[in-house]
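For reference, the structure discussed in these notes is given below.
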Amino acid sequence: MPLNRLIIDARDVEAMACLYEKHFGFKVARVPGVRIVELFAPAGGAGIMLHPTAKRKRGGQSAIKLVLDEADVEAFSRRSA
């Protein structure tokens with residue numbers, strides 16, 4: 001099962017998007033009115049979704065989430081049991 005995306009909570013989404021674009025060559029995709037910014041790796045592989053950090057988020061809570069896509073979740077569950 002491939003790792004397809006990382007979701008990263010960021011206090012400053014625009015600054016983080018600029019960092020990945022400038023230093024790592026990611027392509028930035030923005031949708032007007034949507035707070036999440038999506039980054040695409042130049043050589044393919046896992047993309048990154050930058051999500052604004054919740055104002056109520058406490059220290060120690062997860063800031064990075066891994067997204068794994070599975071076409072048949074029930075079959076995966078049976079194999080993993």
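Summary table below
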| item | result |
| --- | --- |
| Extension gain from A71 to A29, taking 0.36 nm per residue of separation minus the Cα-Cα distance | 12.6 nm |
| L6 paired with A81, simple spin-label distance in nm, labels 7 Å along Cα-to-beta-carbon | 3.5 |
| Theoretical gain in end-to-end length, L19 to T53 [0.36 nm per residue, Cα-Cα removed] | 10.5 nm |
| Highest-fluctuation residue, G45, G33, G25 considered, GNM on the chain with Cα pairs under 10 Å | G33 |
| Average Cα contact separation per residue, the chain, under 8 Å, 6 or more apart, as relative contact order % | 41 |
| Charge dipole (debye, nearest 20) of the chain; +1 at Cβ of Lys and Arg, -1 at Cβ of Asp and Glu | 400 |
| For region 39-52, Karplus couplings with θ = phi - 60° (6.51, -1.76, 1.60), whole Hz, Gly/Pro x | 10, 10, 5, x, 9, x, x, 5, x, 10, 10, 9, 10, x |
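Any read-out appearing in this document is the output of simple, stated calculations on the displayed coordinates, not a laboratory observation. Predicted, not measured: the structure shown is a model, and the values here were computed from it. With ideal geometry, Cβ positions are generated from the backbone for all residues, glycine too; neighbour counts draw on all protein chains shown.
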